[in-house]
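One structure is given below, encoded as structure tokens.
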Amino acid sequence: MKEKIVDVKDLSGGYTFQRSKRNLRSESEYEARSWRQTLKENLRNYRFVTLFYGFIMMLMAGTLYGFSAYAPTMKDLLGYSQTEVSLIGTFGNLGIYCAFTMGFFYDKFKHRITIPLGIFLIGTGYLLTGLVVNGYIPGPAWLIILFYIMVGQGSYGLNISSLDVNIKNWDASDRGKVTGLLAGGFGLSSGMFTLIYSENFTENLAWFFYFMTITISVVAAAGIFILKPQPAVPKEVVSVSQTPGALEDEPLIGEDVPSVPKMTEYNATTFQMVKTLTFWLIYIAFLVSAGVGLMVINNIGSVRLTLGGKKGDSLQNISVILLSLFSFFGRLTFGFLSDRL
């Protein structure tokens, strides 16, 4: 088939030259693909920024796991029994794991509203706890329990905001690694804040609560603007020329190799989900396994004391830090394995 010829004017010299329609089309396709490649590269790079700050957000969200490091000190300062101290830690964890409330809120308002709510709940809970420890507010155990429920709910608000935004930014083949890294940050949080507590605040527990209030609020507030879901890159439209030739037989520069068809994702409402056997099998397995771990996390400081340790000694804090480190590496490892197996 004879190809059509068009005149193209050169603006610099004023003369015209002839170029085939096929070449013009190829150049426009190349420019479109170059733009798309640049967009993909920019989005890919910002995914790492969001992932990094998501990890930082998780470090702010998991502070309740360090409760056992200062629980003996709180017990002595406020005159609580061991049962009351255990209940404070337990209800704090219930605040985290009764997550459906923050889940419903997040589905409706997304991270731009959920993060400020999380900041308010965590900041208010820790601030009021610090005021109780300082003696400015009367502090029966049930009041601290209420504050810790607030902290737990706020912690999950930061957790789900970081997790959801980042998971949606990555392909299904990488989501296990992303989840493992972020969940690892959630577990590592207790070790980081325990180290800060043991080095700076063992003699002033109230100021440790004030420190957490300010630090978590400032860091999480920045996440409102840094965490960004990445928009989908427009699909490339490939036109097929009717003119035979080598240009049509070879892929253009920047053209993607056809991808493998994606697996169909299962979508269900909350009420549809809770009617399935799969949901309850996963829920029960998680409840039992996580419950045992949380029991150890909440009481490891007290266990150290019953074995002859002294309140605030280095081994008590080291126990919490080691537990946090193994939690981090365990979550990270199984996140990587889930993508492989």
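The values are calculated or read from the model by the stated rules, or taken from the named source; none is laboratory data. All of these numbers come straight from a predicted model, not from anything done at the bench. As a convention, Cβ positions derive from the backbone with ideal geometry for all residues, glycine included, and neighbour counts pool all protein chains shown. Surface accessibility is based on the protein's heavy atoms, side chains included, excluding ligands, DNA and RNA. Shrake-Rupley method; radii C 1.70, N 1.55, O 1.52, S 1.80 Å.
Among the residues of the stretch 47-61, not a single one is over 28 Å from Phe329 (Cα atoms), modelled with pLDDT of 85 or more and of a type in the set (A, V, I, L, M). Taken residue by residue, the stretch 56-63 has no member that is within 19 Å of the chain's Cα centre (by Cα), outside any helix (DSSP H, G or I) and surrounded by fewer than 24 Cβ atoms within 10 Å (Cβ to Cβ).
I'd like to know if the stretch 102-110 contains one or more residues that are open to solvent by 60 Å² or more (accessible area, probe 1.4 Å), closer than 22 Å to Ala69 by Cβ and assigned to a helix (DSSP H, G or I). For the stretch 102-110, residues open to solvent by 60 Å² or more (accessible area, probe 1.4 Å), closer than 22 Å to Ala69 by Cβ and assigned to a helix (DSSP H, G or I): absent.
For the condition open to solvent by 80 Å² or more (accessible area, probe 1.4 Å), modelled with pLDDT of 65 or more and more than 29 Å from Phe55 (Cβ to Cβ), what is the one hit in Lys275, Lys235, Lys311?
Lys275
Selection of the stretch 165-183 for residues being of a type in the set (S, T, N, Q) and under 13 Å from Thr333 (Cα atoms) yields only Thr179. When Ile122, Ile144, Ile96, Ile149 are checked against the criterion of being at pLDDT 95 or above and under 18 Å from the mean Cα position of the chain (by Cα), Ile122 stands alone in meeting it. Filter the stretch 191-224 down to residues that are open to solvent by 80 Å² or more (accessible area, probe 1.4 Å) and at pLDDT 95 or above and give me whichever is nearest to Asp171 (Cα to Cα). By that ranking, first place goes to Val218. Could you please let me know if Thr270 is among the polar types (S, T, N, Q), surrounded by 11 or more Cβ atoms within 10 Å (Cβ to Cβ) and either modelled with pLDDT under 80 or touching a Gly at 6+ places or on another chain (Cβ under 7 Å) (or both)? Here the answer is yes, as Thr270 does meet what is asked. The single residue among Gly89, Gly103 that is small (Gly, Ala, Ser), under 16 Å from Ser162 (Cβ atoms) and modelled with pLDDT under 95 turns out to be Gly103. Here Phe186 passes the criteria (1) part of a helix (DSSP H, G or I); (2) farther than 16 Å from Arg331 by Cβ; (3) aromatic (Phe, Trp, Tyr) except the one numbered (2). Taken together, Leu128, Leu78, Leu87 contain a single residue that is over 25 Å from the mean Cα position of the chain (by Cα), free of Cβ contacts under 8 Å to residues at least 24 places away in the same chain and buried (at least 17 other Cβ atoms within 10 Å of the Cβ), which is Leu128.
Scanning the stretch 47-70 for residues that are of a type in the set (Gly, Ala, Ser) and over 24 Å from Asp174 (Cα atoms) turns up Gly66, Ser68, Ala69.
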